[in-house]
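Student: Could you have a look at this structure, given as structure tokens, before my questions?
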Amino acid sequence: MNASEIQNFLNQRLATCLIGTPGYMPGDLSPSGSGNIIASNCLKDFRQTTSSQPADQYCAAYAGASNESSAQIIEKVGRACGISQKVLLVMLEKEQSLLTDSWPVTRQYNYALGMNCPDSGPNGSANCDAASAGFSKQLYLGARQLKVYKGNPNSFNYKPFQNNTIQWHPDRDRCGVSTFYIENWATAALYIYTPYRPNPAALNAGWGTGDSCSSYGNRNFFLFYTSWFGSTHVDVPTHPVTGKIRDYWDLNKSWLGQPQSPAVTGAMSGGGRLQSFQGGYVYESNAGDAVGFVAGSPILTAFSAAGGLEGPWGWPLKPALSYGSGNAVVRFQGGAVVETRAVGVFLVPEAVRPAWEQVGGYGGQLGYPTGSAVSVGSLGGTVQNFRAGELYSSPSGVFPMLVGPVRDGYAAAGGPAGAWGWPVGKAICNAGNTQCSGVFENGIAVITSVRGSLFTSFTAPTPAVPEVVPGSGESVTGGTVL
């Protein structure tokens, strides 16, 4: 909602403001006898000079301004923190009745969202922090807090996509607890903010009063929202989500969103199912787990370029193993697909993947691939470059060649097409890399470092003498075996 829409909405909620009429003058004591002071305006007419707020990982910056209306503040806070203005309006009513109160008091504005007002006062009353007082400050801190919950899920009691234990009422000893499943991040945030669940008596009472163990905050949020803005169940799937895809979706709804079509079955590479969602795609192979990819992500783009399910990658088998900062490894039928922000997305083919993983995989001696596996002409093998060396695959096996003296000497000798041929064993160096050796098809290379210079010797094996049977009289070069 923009500021104009919010202002119209506020005007609709309250036709007449009593502030300024006899008995309700600004600054007078509340006629309720609470000792509070009547505010200067009702919410629809409220204005305040606001302070700027810096950006952080939860909210964008808020630019303070002189004489801002309540509608402008609500619109700007919602935009800065990515929280629906409808939610902020409901919370203002749920916490302080500000939208419909015809003579609010200053305390209602000072603690408009009940932010930093835990139920730790006398008899479970609100114990508000004076440092958080002020209408615009309450809105900004409250909206930001909803983002803090999602950004730090392990720091709070309630989490989405699992069962949670929650009190019915602040008096836990008398009223007890309940267990229920929280479906999404939004519901989890509301229950962390207001940590009580309405009991059956509160729900059965509609807008009325339940029993001594009833709580009303989350019930009232639901009732205000649905009466003002319609159903909260706009996220009911329009297409069925089942099987392993459903299990994956339940854990990743926050970015996948709603299904865009039913799951389709693919016969390629052994079969499985694929389903599209608002935020990406989920693949369920017959031989592995369900795996999802963000729409437009580098790994999904590279997968499509490689032919998708009909290409050499085949079906994804395991969800991504993240290495932070956009770096990840995903197991496919065709090998390990490695995504790095530094160089892109490359497949480590299944034929060489075990050898790569034996030397530590992504975080090991070779590190991540910096290119695809390349066939070496007619020599019957492949070479793949990695951050710290190469992986050579030939009829003799798969062998890593790490950055160092042997690798440099091998490259200088022409690699697989040179005099040394393919490696047939792992190169070995001492601790200081001053003495190294490697075994190759055509011989053994020994590389020695002396005063910073490298000296390489390559010894070809001595040709084997033909085996003959003594006394056979078989002729050999230069004589006869007797």
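Student: So, L379, is that one touching a helix residue (DSSP H, G or I) at 6+ places or on another chain (Cβ under 7 Å) and either outside the structural domain of Y410 (by TED's automatic domain parsing) or at pLDDT below 90 (or both) or not? Break it down stepwise before answering.
Tutor: Working: touching a helix residue (DSSP H, G or I) at 6+ places or on another chain (Cβ under 7 Å): yes; either outside the structural domain of Y410 (by TED's automatic domain parsing) or at pLDDT below 90 (or both): yes.
Yes: the conditions hold for L379.
Student: Kindly list the number of the only condition in (1) at pLDDT below 95; (2) part of a loop (DSSP other than H, G, I, E, B); (3) not aliphatic (A, V, I, L, M) that fails for N8.
Tutor: (2)
Student: Considering only helices (runs of 4 or more DSSP H) fully contained in segment 47-132, which possess at least 1 residues that are under 30 Å from D171 (Cβ atoms)? Quick ask: steps written out before the conclusion?
Tutor: Numbers: elements: 70-81, 85-96, 106-110.
The helices (runs of 4 or more DSSP H) meeting that bar are 85-96, 106-110.
Student: Further, regarding this structure: From the list P395, P416, P423, P405, pick out the single residue that is within 21 Å of A351 (Cα to Cα) and in contact (Cβ under 8 Å) with a residue 40 or more places away in the chain.
Tutor: Working: P395 fails: in contact (Cβ under 8 Å) with a residue 40 or more places away in the chain; P423 fails: in contact (Cβ under 8 Å) with a residue 40 or more places away in the chain; P405 fails: within 21 Å of A351 (Cα to Cα).
Testing whether each residue is within 21 Å of A351 (Cα to Cα) and in contact (Cβ under 8 Å) with a residue 40 or more places away in the chain leaves just P416.
Student: Which members of segment 414-459 meet the condition of being touching a helix residue (DSSP H, G or I) at 6+ places or on another chain (Cβ under 7 Å) and assigned to a loop (DSSP other than H, G, I, E, B)?
Tutor: W420, W422, A427, N433
Student: Condition check: small (G, A, S), within 21 Å of C42 (Cβ to Cβ) and out of contact with any strand residue (DSSP E or B) (no Cβ under 8 Å at 6 or more places or on another chain). Does S102 satisfy that?
Tutor: Judged against the criteria, S102 is a match.
Student: Could I ask something else about it? (1) surrounded by fewer than 17 Cβ atoms within 10 Å (Cβ to Cβ); (2) modelled with pLDDT of 90 or more; (3) in a loop (DSSP other than H, G, I, E, B): which one isn't true of P466, the others all being true?
Tutor: With (1) surrounded by fewer than 17 Cβ atoms within 10 Å (Cβ to Cβ); (2) modelled with pLDDT of 90 or more; (3) in a loop (DSSP other than H, G, I, E, B) applied to P466, the lone miss is (2).
Student: Okay, next question. So N36 ticks every box in (1) buried (at least 17 other Cβ atoms within 10 Å of the Cβ); (2) closer than 22 Å to K137 by Cβ but one. Which box is left unticked?
Tutor: So N36 meets the others, but not (1).
Student: Additional query: Condition first: surrounded by fewer than 10 Cβ atoms within 10 Å (Cβ to Cβ) and touching a residue at least 24 places away in the same chain (Cβ under 8 Å). Now tell me which residues in segment 52-72 satisfy that.
Tutor: Let us first name the residues in segment 52-72 that are surrounded by fewer than 10 Cβ atoms within 10 Å (Cβ to Cβ), namely 52, 54, 57, 66-67.
The one that is surrounded by fewer than 10 Cβ atoms within 10 Å (Cβ to Cβ) and touching a residue at least 24 places away in the same chain (Cβ under 8 Å): Q57.
Student: Which of the residues that make up segment 225-262 are at pLDDT 85 or above and β-branched (V, I, T)?
Tutor: T226, V241, T242, I245
Student: Can you tell me which residue in segment 155-186 is farthest from the chain's Cα centre (by Cα), limited to those that are part of a loop (DSSP other than H, G, I, E, B) and closer than 18 Å to P118 by Cβ?
Tutor: Let us first name the residues in segment 155-186 that are part of a loop (DSSP other than H, G, I, E, B), namely 156-161, 168-171, 176, 183-184.
Subsequent filtering for residues that are closer than 18 Å to P118 by Cβ retains 156-158, 168-171.
Details: F156: 18, N157: 20, Y158: 18, W168: 32, H169: 33, P170: 34, D171: 36 Å.
So, considering only residues that are part of a loop (DSSP other than H, G, I, E, B) and closer than 18 Å to P118 by Cβ, the one farthest from the chain's Cα centre (by Cα) is D171.
Student: Hey, any hits in segment 244-254 for a residue that's without any contact (Cβ under 8 Å) to a residue 24 or more places away in the chain and assigned to a loop (DSSP other than H, G, I, E, B)?
Tutor: First, pick out the residues of segment 244-254 that are without any contact (Cβ under 8 Å) to a residue 24 or more places away in the chain: 246.
Subsequent filtering for residues that are assigned to a loop (DSSP other than H, G, I, E, B) retains none.
No; the residues of segment 244-254 include none that is without any contact (Cβ under 8 Å) to a residue 24 or more places away in the chain and assigned to a loop (DSSP other than H, G, I, E, B).
Student: Out of the residues in segment 187-218 that are of a type in the set (V, I, T) and either touching a Cys at 6+ places or on another chain (Cβ under 7 Å) or part of a helix (DSSP H, G or I) (or both), which is surrounded by the most Cβ atoms within 10 Å (Cβ to Cβ)? Spell out how you get there, then give the answer.
Tutor: Pass one, segment 187-218, residues of a type in the set (V, I, T): 187, 192, 194, 209.
If we keep only those that are either touching a Cys at 6+ places or on another chain (Cβ under 7 Å) or part of a helix (DSSP H, G or I) (or both) too, we end up with 187, 192.
Details: T187: 17, I192: 22.
Here the residue is I192.
Student: Hey, among R273, R341, R331, which residue is without any contact (Cβ under 8 Å) to a residue 60 or more places away in the chain, of a type in the set (D, E, K, R) and surrounded by fewer than 19 Cβ atoms within 10 Å (Cβ to Cβ)?
Tutor: Values: R273 fails: surrounded by fewer than 19 Cβ atoms within 10 Å (Cβ to Cβ); R331 fails: surrounded by fewer than 19 Cβ atoms within 10 Å (Cβ to Cβ).
Selected residue: R341, the only one of R273, R341, R331 that is without any contact (Cβ under 8 Å) to a residue 60 or more places away in the chain, of a type in the set (D, E, K, R) and surrounded by fewer than 19 Cβ atoms within 10 Å (Cβ to Cβ).
Student: Continuing with this model, one more query. Can you find a residue that is buried (at least 18 other Cβ atoms within 10 Å of the Cβ) and over 20 Å from G114 (Cβ atoms) anywhere in segment 20-32? Walk me through how you get there before you give the answer.
Tutor: Looking only at segment 20-32, we keep the residues that are buried (at least 18 other Cβ atoms within 10 Å of the Cβ), and these are none.
Within segment 20-32, not a single residue is buried (at least 18 other Cβ atoms within 10 Å of the Cβ) and over 20 Å from G114 (Cβ atoms).
Student: Return yes when Q12 is touching a Gly at 6+ places or on another chain (Cβ under 8 Å), surrounded by fewer than 18 Cβ atoms within 10 Å (Cβ to Cβ) and more than 17 Å from Q108 (Cα to Cα) and no when it is not. Steps first, answer last, please.
Tutor: Numbers: touching a Gly at 6+ places or on another chain (Cβ under 8 Å): no; surrounded by fewer than 18 Cβ atoms within 10 Å (Cβ to Cβ): yes; more than 17 Å from Q108 (Cα to Cα): yes.
So Q12 does not fit the description; no.
The values are calculated or read from the model by the stated rules, or taken from the named source; none is laboratory data. These figures come from a predicted structure and were not determined experimentally. Because the Cβ atoms are built from the backbone with ideal geometry, glycine has one as well, and the counts that use them run over all protein chains shown.
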